[in-house]
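The values are calculated or read from the model by the stated rules, or taken from the named source; none is laboratory data. Everything numeric here is computed off the predicted structure, so don't read it as measured data. Cβ sites come from the backbone with ideal geometry, for glycine too, and all protein chains shown count toward neighbours.
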Amino acid sequence: MTDWPSGGFAIYVHWPFCAAKCPYCDFNSHVRREVDQPHWREALVRALEVEAARTPGRRVDSIFFGGGTPSLMPPETVAAVIEAVGRLWALAPDAEITLEANPTSVEAGRFRAYAEGGVNRVSMGVQALNDPDLKALGRMHSIAEARAAFDIARAAFDRVSFDLIYARMGQTPDAWRAELREALAMAVDHLSLYQLTIESGTRFADLYRLGKLRVPDDEAAAIMYDVTQEECERAGLPAYEVSNHARSGAESRHNLVYWRYGDYVGIGPGAHGRLTLPHARVATETVLAPEPWLEAAESNGTGILRETPLTGEEQASEYLMMSLRLAEGTDLARYAALGGEALPEERVADLVGDGFLTRDAGRIRATARGRILLNALLGRLLAG
């Protein structure tokens, strides 16, 4: 079954290098004193060529440079990747091409070069709007630098998003409301707002285990989530996904490919992908560490570590898990066509009655209350 056009087709490029490792971050990011830029550029383009041979005749809706800190990439590398995508596939005339950036690596000249190379959207990792909290989060920029970087980005790109983390150490709901209002006054058309989570293997996890790091309790965090929904709705940037808010039409097209369960190529260290090939829909995973990925890419062209065929039931479950993150919810006919077993009517009815789901016109949707408890909701829907 060729289902992927329902969600679209995208390219994800992972740039694994950062200037420093943030203490809360469990992403695949690494600090290196030197990077062989021409070598990496060649490897990324070669990986695209191999993947294009497996997915001919497609139109690319989105390219996303994630990381790591992609704004440390030379503009010529970014331009080479975009050029390769346009040469190897058909690039949609209105394709969204996003680059993640940290305020410390934003320069006006470099951003102009990114725009000239084809980037048309930037997502900035601001994370907090005061210096003490930025320092506590291990960020290398000040709020003044973040604001200056934001102004540079707005001058270079029509579409600019930025991230903030809430439920931070010592933060209260009132403090978050004030900060969020400040952020909404700055925002162009999109905000990503994430609750701080203590991820295993991070410096914060070590401090938390030792009792040296305290975060708001579940009740306070839930209030901050409610504050987030209220303030963003009021400002005209409602939640279209669990952690993402946008004006109508300004949603991240790239992330919509994921959440609508389209196909996407993942290249670079630790990148994941979902591809519909002639024999099966497969989950791809590349070699995690930078130098081994580079070696693997030279040997097999892509650096893919493993490729796992997905059964219809697995695809349906993935689609349900991704689509319920969205305000638009899940198309039950598509879920069934992928191979999903009918959701237990009694459980669905109970979740609707309890205010966690809505159901109409062949779709189910998680309410705002349901999205904050999404893992538990999914567990109940998919329990055997």
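General observations
- Residue within the range 288-304 that is under 26 Å from residue 3 (Cβ atoms) and buried (at least 16 other Cβ atoms within 10 Å of the Cβ) present: yes
- Within the range 28-49, the set of residues being surrounded by 15 or more Cβ atoms within 10 Å (Cβ to Cβ) and in contact (Cβ under 8 Å) with a residue 12 or more places away in the chain comprises 28, 29, 30, 35, 40, 41, 43, 44, 45, 46, 47, 48.
- Within the range 73-112, the residues that satisfy the criterion of being of a type outside the set (Ser, Thr, Tyr), under 24 Å from residue 20 (Cα atoms) and part of a helix (DSSP H, G or I) are 75, 76, 78, 103, 108, 109, 110, 111.
- Selection within the range 194-230: residues that are assigned to a helix (DSSP H, G or I) and closer than 20 Å to residue 21 by Cα. The member of this set that is modelled with the lowest pLDDT is 208.
- Count - residues of the range 323-339 that are crowded, with 20+ Cβ neighbours inside 10 Å and touching an Asp or Glu at 6+ places or on another chain (Cβ under 7 Å): 3
- Taking the criterion of being surrounded by fewer than 18 Cβ atoms within 10 Å (Cβ to Cβ) and either in a strand (DSSP E or B) or touching a helix residue (DSSP H, G or I) at 6+ places or on another chain (Cβ under 7 Å) (or both), the residues of the range 4-26 that qualify are 6, 19, 23.
- Taken over the range 50-68, the criterion of being in a loop (DSSP other than H, G, I, E, B) and touching a residue at least 40 places away in the same chain (Cβ under 8 Å) is satisfied by 55, 58, 68.
- Highlighted here are the helices (runs of 4 or more DSSP H) found entirely within the range 125-186 that include at least 3 residues which are within 23 Å of the chain's Cα centre (by Cα): 143-156, 173-186.
- Listed by position, the strands (runs of 3 or more DSSP E) inside the range 231-333 whose residues that are in contact (Cβ under 8 Å) with a residue 24 or more places away in the chain, among the aliphatic types (A, V, I, L, M) and not assigned by TED's automatic domain parsing to the domain that holds residue 81 number at least 1 are 263-267, 272-276, 281-286.
- Every residue from the range 146-171 that is crowded, with 19+ Cβ neighbours inside 10 Å, free of Cβ contacts under 8 Å to residues at least 60 places away in the same chain, closer than 24 Å to residue 215 by Cβ and of a type in the set (A, V, I, L, M): 146, 164, 167
- Filtering the range 113-145 to residues that are under 17 Å from residue 23 (Cβ atoms), surrounded by fewer than 18 Cβ atoms within 10 Å (Cβ to Cβ) and touching a helix residue (DSSP H, G or I) at 6+ places or on another chain (Cβ under 7 Å) leaves 131, 140.
- Any chance residue 269 is under 11 Å from residue 305 (Cβ atoms) and surrounded by 22 or more Cβ atoms within 10 Å (Cβ to Cβ): yes
- Within the range 69-121, the residues that satisfy the criterion of being without any contact (Cβ under 8 Å) to a residue 24 or more places away in the chain and either of a type in the set (Lys, Arg) or within 25 Å of residue 141 (Cα to Cα) (or both) are 87, 109.
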